[in-house]
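*Asks:* Quick one: this structure, given as structure tokens, is what I'll be asking you about.
The values are calculated or read from the model by the stated rules, or taken from the named source; none is laboratory data. The structure presented is a predicted model; accordingly, all values stated were derived computationally and were not measured. FYI the Cβ positions are ideal-geometry reconstructions off the backbone, even for glycines, and counts take in every protein chain you see.
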Amino acid sequence: MNTNIIRKHFFFKGRVQGVGFRYRAQNAASLYSVTGWVKNLYDGSVEMEAQGTEEDIDKVVQTLQDSRYIVINDMYVADRQPDPHETSFRIKDEY
């Protein structure tokens, strides 16, 4: 595994459901070769784990922040251990 690969766990709050957040995250992750997952939560927030270089993960988050209909009011981020077996970015079933 590339030693520059990191994994981050996110919670996003704001106008993040019903605005294409998960699909935008998946598209950006594909564009920047980031793996992981994203899902909606019951409380209206979105949870995401992203794995790649710090620069590429930052690009995914920036793409989400720059999106027209998405409004991120609060973002929680924590480091996680990379998963050497993960090969894609997927949308998990809601809740």
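*Asks:* Could you run through region 26-45 and say how many residues are farther than 14 Å from Phe11 by Cβ and not in a strand (DSSP E or B)? Explain how you work it out, then say what you get.
*Replies:* First, pick out the residues of region 26-45 that are farther than 14 Å from Phe11 by Cβ: 26-35.
Cutting the leftovers down to not in a strand (DSSP E or B) gives us 26-34.
The number of residues fulfilling the criteria is 9.
*Asks:* Does any residue of region 53-60 turn out to be among the acidic types (Asp, Glu) and in contact (Cβ under 8 Å) with a residue 24 or more places away in the chain?
*Replies:* yes
*Asks:* Only one of Tyr95, Tyr69 is under 19 Å from Arg24 (Cα atoms), assigned to a loop (DSSP other than H, G, I, E, B), modelled with pLDDT of 95 or more and in contact with a Lys or Arg (Cβ under 9 Å, 6 or more places away or on another chain). Can you tell me which? Before the answer, list the steps.
*Replies:* Details: Tyr95 fails: modelled with pLDDT of 95 or more.
From the options Tyr95, Tyr69, the qualifying one is Tyr69.
*Asks:* Of all residues being surrounded by fewer than 17 Cβ atoms within 10 Å (Cβ to Cβ) and of a type in the set (Phe, Trp, Tyr) in region 67-95, which is farthest from Thr35 (Cα to Cα)? Just the residue, please.
*Replies:* Across region 67-95, the extreme among qualifying residues is Tyr69.
*Asks:* Additional query: Has region 20-39 got at least one residue that is among the polar types (S, T, N, Q), touching a residue at least 40 places away in the same chain (Cβ under 8 Å) and buried (at least 16 other Cβ atoms within 10 Å of the Cβ)?
*Replies:* yes
*Asks:* Right, something else. Being within 13 Å of Ile91 (Cβ to Cβ) and either modelled with pLDDT under 95 or in contact with a helix residue (DSSP H, G or I) (Cβ under 6 Å, 6 or more places away or on another chain) (or both) is the filter here; which residues of region 28-47 pass it?
*Replies:* Result: Ala28, Ala29, Val38, Val46.
*Asks:* Kindly check whether there is at least one residue in region 49-64 that is modelled with pLDDT of 95 or more, closer than 15 Å to Lys8 by Cα and more than 14 Å from the chain's Cα centre (by Cα).
*Replies:* no
*Asks:* Okay, moving on. Could you check region 46-66 and list, in sequence order, the residues that are surrounded by fewer than 17 Cβ atoms within 10 Å (Cβ to Cβ) and not in a helix (DSSP H, G or I)?
*Replies:* Glu47, Thr53, Asp66, listed by residue number.
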